[in-house]
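**Student:** My questions will all concern the structure given below.
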Amino acid sequence: MMQQDQDENFKRLTRIAKFLVPTFILLGIIVFSWFELSNQVINITVENKNLEWSQGCSAGNCSGVPTFYIITPEESFITTEAIYDRIEIGGSYDVETEGFTDSLVHRRIDFLF
């Protein structure tokens, strides 16, 4: 009786795995494709740049977290401190961005050429 229960459980697990493994592979491909499609190389003209500090406090210790914004006539981007420091207002740059223009969050500049 015990062997029969184990065989039935093994068959159930095999059926579940036959369904889930291809599903996870397909989901992985979709997520990877979405990520790759969100990357673009564009030319931007910097109109302004801005640094904002968001406050974070825990257990009486407060510290700020900087967010670096690059503003162009078309949209604003977030970026890293290293890229922020290299970009000059009024300059034109080829950059690699991540994210979609129709999303609710700022696209990110990942690389400055």
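**Student:** What angle do you read, to the nearest 10 degrees and between 0 and 90, between the alpha-carbon axis of helix 2-37 and the longest principal axis of the chain?
**Tutor:** That works out to roughly 20 degrees.
**Student:** Summing -39500 (n - 2.57) over the DSSP H runs of n ≥ 4 in the chain and dividing by its residue number, what mean residue ellipticity at 222 nm do you reach, to the nearest 500 deg cm²/dmol?
**Tutor:** It comes out at -13000 deg cm²/dmol, rounded to the nearest 500.
**Student:** Here is a further query. Given a 1.4 Å probe, how much area per residue of the range 1-56 is accessible, in Å²?
**Tutor:** 88 Å²
**Student:** Another question, then. Calculate log10 I(q)/I(0) of the chain for q = 0.14, 0.15, 0.20 Å⁻¹, where I(q) comes from the Debye formula with a single equal point scatterer on each Cα and nothing for solvent.
**Tutor:** Results for the chain at q = 0.14, 0.15, 0.20 Å⁻¹ read -0.72, -0.77, -1.04.
**Student:** Let me ask something else about it. Could you tell me what percent of the accessible area of the chain is made up of carbon and sulfur, with a 1.4 Å probe and every protein chain present?
**Tutor:** Solvent-exposed carbon and sulfur of the chain make up 61 percent of the total.
The values are calculated or read from the model by the stated rules, or taken from the named source; none is laboratory data. Please read these numbers as outputs of a predicted model, since none were measured by experiment. Note: areas computed on protein heavy atoms with side chains; ligands, DNA, RNA excluded. Shrake-Rupley method; radii C 1.70, N 1.55, O 1.52, S 1.80 Å.
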